[in-house]
Amino acid sequence: MRVVLMLLLIIPLSINATAQTQTFTREGVEYVLDLPSPSWRAVSRVDVHEHFEFVNGDDYSNGYLRLRKKVVTPDATSEDLFREAEKWELQKLPGYVVCSGGKGTAFSGQLKGTVFSYEFVNQGRNMDGRIYYLRLDSRTFYTLYFTVASEKLPSLRDQMDSIARSFRLK
């Protein structure tokens, strides 16, 4: 009787947890990732070619993700890529401050890499950024740029890590 009762409690919970996660994949996109809740949605953006960006809810300050593929020299490191991003993009952000002295933290999921954190101000609002540099091979990184309003980072950090851990090629 206890076993049946436990199964009746566990099965609906596991089905509900699985139903929350959505796998993102599209024709012509070489990667797959898992979005941890239905509030995360893909948004198509076209510049030279179509890109997908991801927004948590209807407000970019609730969580925003953009992805880029970067081909590098074989000796390039994630630290090199972060320094380049600082030089060309991040230092131009109002109130930019690098966290942890600019030291990245090792990160492991489907791909291994490094995550860097920073803070900035957008339209008077304190924001946090996290950049995940995921190494595909000796010449290729995928870069996941997350930004979120600072007050929302504690509740979304696990979701950001989960998305980055799930990132993989088809």
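None of the figures in this text is laboratory data; all of them are computed from the coordinates on show. Here the structure is a predicted model, which means the values were calculated and not measured. Please note: Cβ atoms are built from the backbone with ideal geometry, for glycine as well, and neighbour counts cover all protein chains shown.
Annotation: Gly109 fulfils all but one of (1) farther than 18 Å from Tyr31 by Cβ; (2) in contact with a helix residue (DSSP H, G or I) (Cβ under 7 Å, 6 or more places away or on another chain); (3) not charged (D, E, K, R); the unmet one is (1).
If I ask for residues that are surrounded by 14 or more Cβ atoms within 10 Å (Cβ to Cβ) and either in a helix (DSSP H, G or I) or in contact with a helix residue (DSSP H, G or I) (Cβ under 9 Å, 6 or more places away or on another chain) (or both), which ones from segment 38-48 would you list? Let's see the steps before the verdict.
If we filter segment 38-48 for residues that are surrounded by 14 or more Cβ atoms within 10 Å (Cβ to Cβ), which is where we start, we get 39-42.
Ser39, Trp40, listed by residue number.
If you go through segment 53-71 and keep only what is more than 16 Å from Val121 (Cα to Cα) and surrounded by 17 or more Cβ atoms within 10 Å (Cβ to Cβ), you end up with Phe54, Val55, Asn56, Leu65, Leu67.
Considering segment 72-170, the qualifying strands (runs of 3 or more DSSP E), each wholly inside and each with 3 or more residues that are without any contact (Cβ under 8 Å) to a residue 60 or more places away in the chain and crowded, with 17+ Cβ neighbours inside 10 Å, run over 112-122, 125-137.
Within segment 49-71, none of the residues are among the small types (Gly, Ala, Ser), assigned to a strand (DSSP E or B) and in contact with a Lys or Arg (Cβ under 8 Å, 6 or more places away or on another chain).
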